[in-house]
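Chemist: Here it is, the structure, as structure tokens.
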Amino acid sequence: MHFLYNTAIRIFALALPFLSLLNKKWNKFYRGRKNQRAPRFKTSPVWVHCASLGEFEQGRPVIEAIKKEFPGIPLVLTFFSPSGYEIRKDYPFADWVAYLPLDTPSKAAGFVDHIRPRLAIFVKYEYWFNHLLALEKADVPFVFIANVWRRHYFPLKPWAAWFLQVIRKGSCFFAQDQLTMDLLSEKGFERVVQAGDTRIDRVLQLVENKKILPEVEKWKGSKTTLIAGSTWPSDERLIAGFLERHPEITLILAPHEPSPSRIEDIRKGFAEFLPIRYSEWKGEDARVIVVDSMGLLNALYAYGDAAYIGGGFGRGIHNTLEAAVYGIPVFFGPRHQNFKEAIDLIGLGLAFEVNTVNELVQQWEQIVPSELPRIKGQVRDYFDQNRGATAKIIDYLRPLIQH
């Protein structure tokens, strides 16, 4: 199986130059790896790897805690996806931001040999066989943080025993929940800690240091506002139908990818509501504002009476915690089963699955007028009870970093 894995990676590497001609994302994926040159560090760095932007947000509190406590130790941050790298390539807490080399034996061994990390940290779902093997051979400890495992997950399949064997050699696994703890223990993992979700710490930091948006604050006034974040076309069609049924509701919508073509499609889809681009908006009255840049969403949630999180009709919902931390009800589509925080919030009556326009209308009418005080109080309790994952992780990592 290892041979088949390496063969598949090599075939992908050969196909990549041709794939790069198909679209901009593949082009960035290919050229970013082709053109990068790793620096030589005088001191062995800590290496943190994330798949993309969502995983970065889970790793971010740990990264920043490490740099605060160990400012003299370099930190290398790698991404698999361009959507993470392009947005965080200038991240000030990293000494070098790069793409993860493709997981061939030679590239993995060469990368580990070149940067010579003192510790490697993999966030959530990132398991790259040859990079892990290279770390083990170089006697570099590696840990996995924000782990969520379920029985259908591929390393638990009988045919993936060879893969699981190298994952099990990690120095520690920081699990988000008890089910992950149980599954890992069942498979012979000995060094497992239930730390919780680092994103809880991150969103609490965002609230403490929230960005004030004067135009939004002035416009908001007494309006009832839905903030829709990380949306896709299927989400937007549902939201447009909802607005038709509730003409008193105003909307700020931030799509998952605010490319010019996507923004234009959204404007057409919401044409009857006369949408305004956020970049062109000066605070004048408007019913629908379309956010055409990145980086504002977590600040915008503070101005909502409720939030709609996109992705629930596709591969899965995006970050619900950034919205929920403000004590507002959160709505999303049906694809949320793999997200522990969404399940938790639904169980507490703080988040709500909707499949149709009618369901969103019914849920809104039952919840928003009367349930907001209860939701705000329970949200506060939920975040207070679940904070502290970062401190637990740092306490364990400290001797590994200091060695």
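Chemist: For the chain, how big is Rg over Rh, using alpha carbon atoms and the Kirkwood form of Rh? Before the final figure, lay out the partial values.
Modeler: On the way: Rg = 22.2 Å, Rh = 22.7 Å.
Radius of gyration over Kirkwood radius for the chain works out to 0.98.
Chemist: Test of understanding: ordering Arg118, Arg40 by Cβ neighbours within 10 Å, fewest first, what list do you get? Don't skip to the end; give the middle numbers.
Modeler: Numbers: Arg118 17, Arg40 7.
Arranged by neighbour count, lowest to highest, Arg118, Arg40 become Arg40, Arg118.
Chemist: Just check the range 332-403 against the gyration tensor rule for me: Cα atoms, a ≥ b ≥ c as the square roots of the eigenvalues, rounded for a/c under 1.5, and otherwise prolate or oblate depending on whether a/b exceeds b/c.
Modeler: Verdict is oblate for the range 332-403.
Chemist: Related question: What order, most packed first, do the peptides 312-319, 13-20, 164-171 have when packing is the mean number of other Cβ atoms within 10 Å of each residue?
Modeler: Values: 312-319: 20.0, 13-20: 13.5, 164-171: 16.5.
Highest to lowest by the protection proxy: 312-319, 164-171, 13-20.
Chemist: Enter the Cα centre distance for the pair the range 150-208 and the range 260-326, rounded to the nearest angstrom.
Modeler: Here the answer is 33 Å between Cα centres.
Chemist: Exposure proxy check: Asp381, Asp139 ranked by fewest other beta carbons within 10 Å?
Modeler: Asp139, Asp381
Chemist: Too long at a 32 Å Cα-Cα cut-off: which of Lys124/Lys282; Lys24/Lys169; Lys42/Lys340; Lys67/Lys169; Lys223/Lys392; Lys42/Lys210?
Modeler: Values: Lys124/Lys282 40 Å; Lys24/Lys169 37 Å; Lys42/Lys340 41 Å; Lys67/Lys169 26 Å; Lys223/Lys392 41 Å; Lys42/Lys210 37 Å.
The answer is Lys124/Lys282; Lys24/Lys169; Lys42/Lys340; Lys223/Lys392; Lys42/Lys210.
Chemist: Hey, another quick one. To make sure I understand, if each residue's beta carbon is the centre and we count other beta carbons within 10 Å, what order do Asp344, Asp182 fall in, fewest to most?
Modeler: Starting with the residue having the fewest Cβ neighbours, the order is Asp182, Asp344.
Chemist: Quick check for you: which residues of the range 88-112 have the amide N under 16 Å from the point 7 Å beyond the Cα of Asn35 toward its beta carbon?
Modeler: 88-90, 97-100
Chemist: Ok, one more. Can you tell me the 0 to 90 degree angle between the C-alpha axis of helix 198-208 and the longest principal axis of the chain, rounded to 10?
Modeler: The angle comes out at about 50 degrees.
Chemist: Here's another thing I want to ask about it. Non-local amide H neighbours of Ala98 (under 5 Å, H modeled in plane, Pro and chain starts lacking H): which ones?
Modeler: Close amide H contacts, sequence-distant or interchain: Leu77, Thr78, Phe79.
Chemist: Ok, one more. How large is the helix-only mean residue ellipticity at 222 nm for the chain, computed as the sum of -39500 (n - 2.57) over DSSP H runs with n ≥ 4, divided by its residue count, in deg cm²/dmol to the nearest 500?
Modeler: On the way: 18 runs with 187 residues, N = 403.
Helices in the chain give a 222 nm mean residue ellipticity of -14000 deg cm²/dmol.
Chemist: Explain nothing, just the number: dipole magnitude of the chain about its Cα centre with +1 on each Lys and Arg Cβ and -1 on each Asp and Glu Cβ, in debye rounded to the nearest 20. Display every interim value, and only then the final one.
Modeler: Working: 51 positive and 44 negative charges, 340 e Å.
It comes to approximately 1640 debye.
Chemist: First obtain the Kirkwood hydrodynamic radius of the range 81-161 from its Cα pairs, then insert it into the Stokes-Einstein equation at 37 °C and 0.692 mPa s, and state the resulting D in µm² per second as a whole number. Don't jump to the answer; show the numbers that get you there.
Modeler: Details: Rh = 14.3 Å.
Once the numbers are plugged in, D ends up at 229 µm²/s.
Chemist: Taking only Cα atoms and a 10 Å spring cutoff, compute GNM fluctuations for the chain and point out the largest among Asn35, Asn338, Asn27.
Modeler: Answer for the Gaussian network model of the chain: Asn35.
Chemist: Which residue, Ala342, Ala15, Phe332, has the largest displacement toward the positive end of the dipole of the chain when charges sit on each Cβ (Lys, Arg +1; Asp, Glu -1)?
Modeler: The Cα lying farthest towards the positive end belongs to Ala15.
Chemist: Between Lys187 and Ser234, what FRET efficiency follows from the Cβ-Cβ distance if R0 is 30 Å, with the result rounded to 0.05?
Modeler: 0.25
Chemist: While we're here: Quick one: Karplus J couplings for the range 301-312, per residue in order, coefficients 6.51, -1.76, 1.60, θ = phi - 60°, nearest Hz, x for Gly and Pro?
Modeler: 4, 5, 9, x, 8, 6, 10, 10, 9, x, x, x
Chemist: Between helix 2-19 and the chain, what is the angle of the helix's C-alpha long axis to the longest principal axis, kept within 0 to 90° and rounded to the nearest 10?
Modeler: So the helix axis and the longest Cα principal axis differ by about 60 degrees.
Chemist: Could I ask something else about it? Under a 10 Å cutoff between Cα atoms, tell me which one of Leu204, Leu53, Leu348 has the largest fluctuation in the Gaussian network model of the chain.
Modeler: Leu348
Chemist: If you don't mind, there's one more thing I want to ask. If the viscosity is 1.002 mPa s and the temperature 20 °C, what Stokes-Einstein diffusion coefficient in µm²/s follows for the range 216-312 when Rh is the Kirkwood radius over Cα pairs?
Modeler: Numbers: Rh = 13.1 Å.
Answer, rounded: 163 µm²/s.
Chemist: Placing one identical point scatterer on every Cα of the range 213-386 and ignoring solvent, what is log10 I(q)/I(0) from the Debye formula at q = 0.08, 0.11, 0.15, 0.17 Å⁻¹?
Modeler: -0.21, -0.41, -0.79, -1.03
Chemist: I'd like the FRET efficiency for Ser370 and Glu284, computed as 1/(1 + (r/R0)^6) with the beta carbon distance as r and R0 of 35 Å, rounded to 0.05. Before the final figure, lay out each step's value.
Modeler: Working: r = 32 Å, r/R0 = 0.92.
The value I calculate is 0.65.
Chemist: Let's see if you can work this out: charge +1 on each Lys and Arg Cβ, -1 on each Asp and Glu Cβ, no other charges. What is the dipole magnitude of the range 249-403 about its Cα centre, in debye to the nearest 20? Intermediate results must be reported in sequence, preceding the final value.
Modeler: Working: 15 positive and 19 negative charges, 86 e Å.
That gives the range 249-403 a dipole magnitude of about 420 debye.
Laboratory data are not the source of any read-out in this text; all were calculated from the coordinates shown. Since the model is a prediction, treat every value here as computed from it, not as a measurement. No Cβ is skipped: glycine too gets one built from the backbone with ideal geometry, and neighbour counts run over all protein chains shown.
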